[in-house]
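Enquirer: Following this message is one structure expressed as structure tokens.
What follows is calculated from the coordinates using simple rules that are stated; it is not laboratory data. Keep in mind the model is a prediction, meaning the values are calculated, not measured. Using ideal geometry, Cβ is built from the backbone for each residue, glycine included, and neighbour counts are taken over all protein chains shown.
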Protein chains: 4
Amino acid sequence: MGARIAVIGASGYTGAELLRLALAHPDLEPVLATSREFAGQPVRSVYPNLPTDLAFTTLDLDAAASCDVVFLALPHGAAARTAAELAARGTRVVDLSADLRFDDPEIYPAWFGEAHPEPALLADAVYGLPELHRAQLRDARLVANPGCYPTATLLALLPFLEAGVIDAATIVVTAASGVSGAGRGVNASVHFSHVDSNLKPYGAPIHKHTPEIEQELTRVAGSPVAITFLPILAPIPRGLLATATATLTSSIDPASLLEARYANEPFIVRTGTWPETKYASGSNLAFVHAVADPRTNRLITACAIDNLGKGAAGQALQNANLMLGFEETAGLTGGGLYP
Amino acid sequence: MGARIAVIGASGYTGAELLRLALAHPDLEPVLATSREFAGQPVRSVYPNLPTDLAFTTLDLDAAASCDVVFLALPHGAAARTAAELAARGTRVVDLSADLRFDDPEIYPAWFGEAHPEPALLADAVYGLPELHRAQLRDARLVANPGCYPTATLLALLPFLEAGVIDAATIVVTAASGVSGAGRGVNASVHFSHVDSNLKPYGAPIHKHTPEIEQELTRVAGSPVAITFLPILAPIPRGLLATATATLTSSIDPASLLEARYANEPFIVRTGTWPETKYASGSNLAFVHAVADPRTNRLITACAIDNLGKGAAGQALQNANLMLGFEETAGLTGGGLYP
Amino acid sequence: MGARIAVIGASGYTGAELLRLALAHPDLEPVLATSREFAGQPVRSVYPNLPTDLAFTTLDLDAAASCDVVFLALPHGAAARTAAELAARGTRVVDLSADLRFDDPEIYPAWFGEAHPEPALLADAVYGLPELHRAQLRDARLVANPGCYPTATLLALLPFLEAGVIDAATIVVTAASGVSGAGRGVNASVHFSHVDSNLKPYGAPIHKHTPEIEQELTRVAGSPVAITFLPILAPIPRGLLATATATLTSSIDPASLLEARYANEPFIVRTGTWPETKYASGSNLAFVHAVADPRTNRLITACAIDNLGKGAAGQALQNANLMLGFEETAGLTGGGLYP
Amino acid sequence: MGARIAVIGASGYTGAELLRLALAHPDLEPVLATSREFAGQPVRSVYPNLPTDLAFTTLDLDAAASCDVVFLALPHGAAARTAAELAARGTRVVDLSADLRFDDPEIYPAWFGEAHPEPALLADAVYGLPELHRAQLRDARLVANPGCYPTATLLALLPFLEAGVIDAATIVVTAASGVSGAGRGVNASVHFSHVDSNLKPYGAPIHKHTPEIEQELTRVAGSPVAITFLPILAPIPRGLLATATATLTSSIDPASLLEARYANEPFIVRTGTWPETKYASGSNLAFVHAVADPRTNRLITACAIDNLGKGAAGQALQNANLMLGFEETAGLTGGGLYP
């Protein structure tokens, strides 16, 4: 019998992917899946793809608190409040919202337009990018799982900032995401007839993932980093491609630097060619590649992930594995679904 | 250490899916993956999605024969010849080509336009639809893994023919398949710009899967069954939806009959609603549903699968599990990838 | 200056396609485009693709009645009531709803679950399939524009029923439609993440297009025809493929019969190969093909159209051309958009 | 009777789109369509979507030279040689290859790896971006039709460079294109099963469109401009989205500047929102938008086109209209095909 887990907000795409991965995990057992909209209905009535007899329930905090890990796939605000309740009960929490991602409590009101509901939690939360914070994550009780854009962007850029070979003031990020990143809710902008064969920028210049990317870049750079971030909606259900450029300050071979930095990382794949989102589909893999543009002295770097995998549920399980002392790759060794 | 398996013809889509599933199987270990086109190259250079250090090799029959099971993902003709070599060495074989699917050796020349290369093998091969031939498959040394269209069509129709509630002379099958069913080879008809947003019938009235469907329907009906079969190419990479109609000869509730027939089948899902291919993606699941049309007294029945899953590689592993005495569902319990 | 036209309900997909085609028509001038949701806003604020300075307005019946032709792209019920008002004022109307399609007023309550709001109109309305009712359409004041499924199904089947070479009691229709056929409204079933890579049957055995198909088949056959009709939702924004089978009662060459029947039809394309929806995209073309299945003595026939073209707005303009005495092909000579 | 045109290399996607647009043009008559691969076959046997009785022929230079305008949709090298032959005969030519786009004959060997086959032509060729070179195009006999990426990139960037409000040394371009941009030829990278749901960078840092973009930026800036250019392949058949960033040197409102610059341009659409490729499909429209990122003092600008429309065949017709003294918008007033 494995560790018992709860997924709070399990009927959204991220929640359902958490269930899918947890059901296939050798050491985790999902025992609780909450959903306000579908409480009382079998999970399979909403997600016939999921091989489980679980039914969605309303949130019972005590039942959740009795689990070994609770995953929060809730809207921001509600996530922090639920995390506070569970933290008070001593339960391990992996929060997939943005609520616990910021060290500085002032970032939240500036970017989300409201006071942070639980600022006291921020000091205890560890930013859940294992490639950057693995040691702290092993001891964490509260993990702020990174956003999908930040995950791919940071994996593409961090090695170069760590090595001190780029000018942080010149970073420009353009990233395209699949539609599932916008969630299961319906509106005109996710209508199949509108999205199919369509590409559109959105959110620039004030997308909410920006401060999260900047916080981690700043942490590594040791001085404030501000970036330009342009997200694009792409006609794919899953998948996220982040590309970034920055002026090089040293003459390096970018691909070799990635190779060295990620040599021991189990989920970061270096193929020596530009990454393609399709290979990551359904997996926790992140594909990275980078080149120098000698004509302009710029780095061009890219990372492809599944926005619901390494960009959300996969990474959440990776964090849970670290928190619980499991193999970091447990339940996450499957390859991407291709074609 | 699990059973050692070989995949012959591993660089096609079916071969790669066999590798993907076998790598995630708790009791199978892929030790050999052959490819004429890519021999000498790492599997990951062609399929970066696959978490393996295997390299493609040329076919060494003795090495293959030393495996516990050999999966053949070869063109027809070559498959039978290789199966004969392996059978002579006493090795268990699951052949994914059409070569061994027919009891009657005359069917092959009639539909494939050439003499069967190894007619003596036919008597020993078991048609690998576990829902129909489970007992024989447990003892089989040679399994003819069904085609994708036949798998879905038979799962949709067999319960009604077994129950004797339809007129077999009235069966009409219309089925739409994803593009991966046509293989990895390139030609104008699989160009993205041509396929995207396109639907087209093809192959009618002489698609090579027809005699295979008819053979199994005939076996169940006890008298010769001929069907009309219309395949359609759909703009999806994976997924197959078979629909069929037939005149009802008894007043029954089709959904209840499916429910009863498949109650103990681990991979056949009855949701009481029309099946959708997307829920099966990457899994070995088959979704079935049926209704009566009281105005015309016809049965309308449908089955959705992943053509590379239950329609090919998934079913091949299910058959290998049966042959090897493993749990039938071992390595195949994962849910479909959705969305 | 061309004929002045109004589009009532212009902000849905069909209404917008009517505007697109009318704007490109040499002899039509759209002067009125109504929309309850977007009244007061420029058409381009909702459809930036449309090169017009028109703004959506609320419905002013007198303004509409002053036009040479009014196109109704309204929900059923509202369409009939508006048609009645305009008919009373003597205005030519092309109604794209199902309201005026049935000769027999009893069909409406049986299939739509409510009394027909304007049964007196039915006798005056001409079913707008020019390939069948061209002469009457030239004199019509009130045209019931056919549904998308009926258009494709009838074009595929009518020649064979007219020629008396099929058994009408054996007709089975399976047809796949693009998502725009379900309209611009949003719900979970049109979410991109759900539809993409998905195929699903729906609506069987009681889809509302069934009685319309049966009415016209019955008219041609001279005796009551009932069919089995299975619609499928396909992951394409536009396009509709209808396939049908029926038992042949004579030995004929189906392709030749289609060729002869449609030799003088400007929009019906016979290529001698199975039709593909993509070639029809954005056009008023209908591609047809048929073969005999000698093994089962069945006809297999198919027709591909753009559900918003020949299946809705294109055909509506074709009907308007006939009513107004224009060249039947005026404004509709453009080829399909491919790739 | 309109002007007589020839399309040399008419069986590729660009050639076929030229035919489609020319057939719908009120004043052009396509009389010649050459194709080495399909010579002797009706155009409709390859493109059933095209309403024409033309057949593909081999290239007869005299016949082509007798036309009012010849469009060259040939591979590079062959294009220049054919242009030279036609220029020698005094025929107007619009070349859609890269051969005639460069003022500096040294660019060609540097980026294409071979000597320019007809360097003497370069001085006479006008770069066919009407928004920049309209006056010269009216008198041109030889037009170098811009590439798809350059068209969208230049339309997004030129107004800001002309106004002197950006630092040209900081320009970074990321652009995603539909698959038809790679042509009709087949290889593994255009297989539907590979492209669908996939995003991948390619060609960086040495894509052949780079020097063309730089030439025109340099012309406007008055001093050498080098850019970083990152192309991405997107899973759409048509459509191209170019995005660019650059450091602002003045405090301006980017959207207003675009509005003012393009106020009289018939094909450049400013909606005040981020452009979407789908609205441009099948049209000659270009949608532009731009914002300032006050946090980083950067401009973010974007342009969406149909790569086969304004990015190729549409713009070629626009140029032909200018050369022939027709209305610039003749035959190009149709809206985009949406949805």
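Enquirer: What share of Cα pairs, in percent, lie more than 20 angstrom apart in the stretch A:208-338?
Expert: Numbers: 4538 of 8515 pairs.
Counting every Cα pair in the stretch A:208-338, those more than 20 Å apart make up 53 percent.
Enquirer: Moving to a separate point now. How long is the protein assembly as shown along each principal axis, judged by its Cα atoms, biggest number first, in Å?
Expert: Taking max minus min along each principal axis of the Cα atoms, the protein assembly as shown gives 80, 80, 60 Å.
Enquirer: Residue of D with Cβ nearest the axis relating D to A, plus distance in whole Å?
Expert: D:Thr174, 2
Enquirer: Restricting attention to the alpha-carbon atoms of chain A, what are Rg (one decimal) and Dmax (integer), both in Å?
Expert: My reading of the Cα-based Rg and Dmax gives 19.2, 61 Å.
Enquirer: Alpha carbon centre of the stretch D:287-312 versus the stretch B:278-339: separation in Å?
Expert: Cα centroid of the stretch D:287-312 versus Cα centroid of the stretch B:278-339: 46 Å apart.
Enquirer: Moving on. Below 8 Å, C-alpha to C-alpha, sequence gap of six or more: please give me the relative contact order for chain D in percent.
Expert: On the way: 775 pairs, mean separation 59.1, N = 339.
Relative contact order comes out at 17 percent.
Enquirer: Right, something else. The stretch D:200-261: D in µm²/s via Stokes-Einstein (Kirkwood Rh, Cα pairs, 25 °C, 0.890 mPa s)? Can you show the working numbers first?
Expert: Working: Rh = 14.1 Å.
Roughly 174 µm²/s, to the nearest whole number.
Enquirer: Also, quick follow-up: Which far-off residues, 5 or more places away or on another chain, put their amide H under 5 Å from the one on D:Ala175, with H placed in the peptide plane?
Expert: Amide H neighbours of D:Ala175, under 5 Å, 5+ apart: D:Leu230, D:Ile232, D:Thr243.
Enquirer: Packing-wise, with mean Cβ within 10 Å as the measure, how do C:32-45, A:166-179, D:300-313 rank, highest first?
Expert: On the way: C:32-45: 17.7, A:166-179: 24.5, D:300-313: 30.1.
Result, highest mean Cβ count within 10 Å first: D:300-313, A:166-179, C:32-45.
Enquirer: Which one of A:Leu299, A:His289, A:Pro266 is farthest out on the positive end of the charge dipole of the stretch A:259-309, using unit charges on Cβ (Lys, Arg +1; Asp, Glu -1) and the Cα centre as origin?
Expert: A:Leu299
Enquirer: Give, in nm to one decimal, the length gained when the segment between B:Asp167 and B:Asp103 is fully stretched (0.36 nm per residue of separation minus the Cα-Cα distance).
Expert: Extra length available between B:Asp167 and B:Asp103 comes to 20.7 nm.
Enquirer: Between the label point of A:Pro117 and that of the same position in each other copy, find the distances and list them shortest first in nm, with every label point placed 7 Å from Cα along the Cα-to-C-beta direction.
Expert: Distances between equivalent label points, in nm: 4.5, 6.5, 6.8.
Enquirer: Right, another one. Tally Lys/Arg at +1 and Asp/Glu at -1 over every other residue whose Cβ is under 14 Å from the Cβ of C:Leu258; what's the total?
Expert: On the way: positive: C:Arg261, C:Arg270; negative: C:Glu131, C:Glu162, C:Asp253, C:Glu259, C:Glu265.
Net charge in that neighbourhood comes out at -3.
Enquirer: Considering every residue in A:313-325, what mean count of other chain Cβ atoms within 10 Å of its Cβ is obtained? Mind showing how you got there, number by number?
Expert: On the way: counts 0, 0, 0, 0, 0, 0, 0, 0, 0, 0, 0, 0, 0.
Mean partner-chain Cβ count within 10 Å for A:313-325: 0.
Enquirer: Please state the equivalent ellipsoid semi-axes for the stretch C:3-124: what are the square roots of 5 times the Cα gyration tensor eigenvalues, largest first, in whole Å? Intermediate results must be reported in sequence, preceding the final value.
Expert: Values: eigenvalues 140, 45, 30 Å².
Taking √(5λ) for each eigenvalue gives 26, 15, 12 Å, largest first.
Enquirer: Calculate the dipole size of the protein assembly as shown relative to its Cα centre from +1 charges on Lys and Arg beta carbons and -1 charges on Asp and Glu beta carbons; express the result in debye to the nearest 20. Let's see the in-between values first.
Expert: Details: 88 positive and 132 negative charges, 0 e Å.
Charge dipole, the protein assembly as shown, about its Cα centre: 0 debye, nearest 20.
Enquirer: Here's a follow-up. Mind checking the mean number of beta-carbon atoms from other chains within 10 Å of the Cβ atoms in D:38-46?
Expert: Numbers: counts 0, 0, 0, 0, 1, 0, 4, 3, 1.
Neighbouring Cβ atoms belonging to other protein chains average 1 per residue here.
Enquirer: Could you line up D:Tyr262, B:Tyr13, A:Tyr127 from fewest to most neighbouring Cβ atoms inside 10 Å?
Expert: Working: D:Tyr262 19, B:Tyr13 26, A:Tyr127 23.
The order, fewest Cβ neighbours first, is D:Tyr262, A:Tyr127, B:Tyr13.
Enquirer: To continue, here is another question. Sum up the charges of everything whose Cβ sits under 13 Å from the Cβ of D:Leu241, counting Lys and Arg as +1 and Asp and Glu as -1, but leave D:Leu241 out.
Expert: Taking every Cβ under 13 Å from that of D:Leu241, the sum is +2.
Enquirer: What ³J(HN,Hα) values, in whole Hz, does the Karplus curve 6.51 cos²θ - 1.76 cosθ + 1.60 give for the stretch D:320-325 when θ = phi - 60°, with x put for Gly and Pro?
Expert: Calculated HN-Hα couplings, in order: 5, 4, 5, 4, 8, x Hz.
Enquirer: Once the dipole of the stretch D:148-307 is set up with Lys and Arg at +1 and Asp and Glu at -1 on Cβ about the Cα centre, which of D:Gly164, D:Pro201, D:Ala246 lies farthest towards its positive end?
Expert: Farthest towards the positive end: D:Pro201.
Enquirer: Which entries in the list C:Lys310/D:Lys200; B:Lys208/D:Lys200; A:Lys278/D:Lys278; B:Lys200/C:Lys310; A:Lys208/D:Lys310 go over 29 Å, if you measure between the two C-alpha atoms of each? Walk me through the numbers on the way to the answer.
Expert: Details: C:Lys310/D:Lys200 37 Å; B:Lys208/D:Lys200 36 Å; A:Lys278/D:Lys278 22 Å; B:Lys200/C:Lys310 17 Å; A:Lys208/D:Lys310 34 Å.
Pairs exceeding 29 Å: C:Lys310/D:Lys200; B:Lys208/D:Lys200; A:Lys208/D:Lys310.
Enquirer: Where the only charges are on Cβ atoms (+1 Lys, Arg; -1 Asp, Glu), what is the dipole of chain B about its Cα centre, to the nearest 20 debye? Present the calculation step by step, with values, prior to reporting the outcome.
Expert: Values: 22 positive and 33 negative charges, 128 e Å.
In total the dipole reaches around 620 debye.
Enquirer: Let me ask something additional. Could you put C:Leu72, D:Leu122 in order, starting from the residue whose Cβ has the fewest other Cβ atoms within 10 Å? All intermediate terms of the calculation are to be shown ahead of the outcome.
Expert: Numbers: C:Leu72 29, D:Leu122 20.
Exposure proxy ranking, most exposed first: D:Leu122, C:Leu72.
Enquirer: Note down the nm distance, to one decimal, between modelled labels 7 Å out along Cα→Cβ at A:Thr249 and at C:Ala120.
Expert: According to this spin-label approximation, the distance is 8.5 nm.
Enquirer: Further question on the same structure: For every helix of n ≥ 4 consecutive DSSP H residues, a contribution of -39,500 (n - 2.57) applies; sum these over chain C, divide by its total residues, and give [θ] at 222 nm rounded to the nearest 500 deg cm²/dmol. Mind showing how you got there, number by number?
Expert: On the way: 11 runs with 98 residues, N = 339.
That calculation yields -8000 deg cm²/dmol at 222 nm.
Enquirer: Something else about it: In a GNM of chain C with a 10 Å cut-off on Cα contacts, which of C:Val291, C:Val220, C:Val46 has the highest mean-square fluctuation?
Expert: So, out of C:Val291, C:Val220, C:Val46, the one fluctuating most is C:Val46.
Enquirer: Order of C:Thr153, B:Thr333, C:Thr91 from fewest to most other C-beta atoms within 10 Å?
Expert: Values: C:Thr153 31, B:Thr333 16, C:Thr91 20.
Ranked by crowding around the Cβ, least crowded first: B:Thr333, C:Thr91, C:Thr153.
Enquirer: Then there's this: Relative to the Cα centre, what is the charge dipole magnitude of the stretch C:3-124, using +1 at the beta carbon of each Lys and Arg, -1 at the beta carbon of each Asp and Glu, and rounding to the nearest 20 debye? Can you show the working numbers first?
Expert: On the way: 8 positive and 17 negative charges, 86 e Å.
Once rounded to the nearest 20, the dipole reads 420 debye.
Enquirer: Another question about this same structure. Which of C:Pro105, C:Pro30, C:Pro294 ends up with the largest GNM mean-square fluctuation for chain C, with Cα atoms connected below 10 Å?
Expert: Greatest mean-square fluctuation among the candidates belongs to C:Pro294.
Enquirer: Let me ask something additional. If you count, for every residue in D:48-59, the Cβ atoms of partner chains within 10 Å of its Cβ, what is the mean? List each step's numbers first, then the result.
Expert: On the way: counts 15, 16, 5, 11, 1, 0, 0, 0, 0, 0, 0, 0.
What the average comes to for D:48-59 is 4.
Enquirer: How high is the relative contact order of the stretch A:148-307? Use alpha-carbon pairs under 8 Å, at least six apart in sequence, and give a whole percent.
Expert: Numbers: 338 pairs, mean separation 51.6, N = 160.
Relative contact order for the stretch A:148-307 comes out at 32 percent.
Enquirer: Between the helical axis of D:148-162 and the dominant principal axis of chain D, each derived from Cα atoms, what acute angle in degrees is found, rounded to the nearest 10?
Expert: Once rounded, the angle reads 40 degrees.
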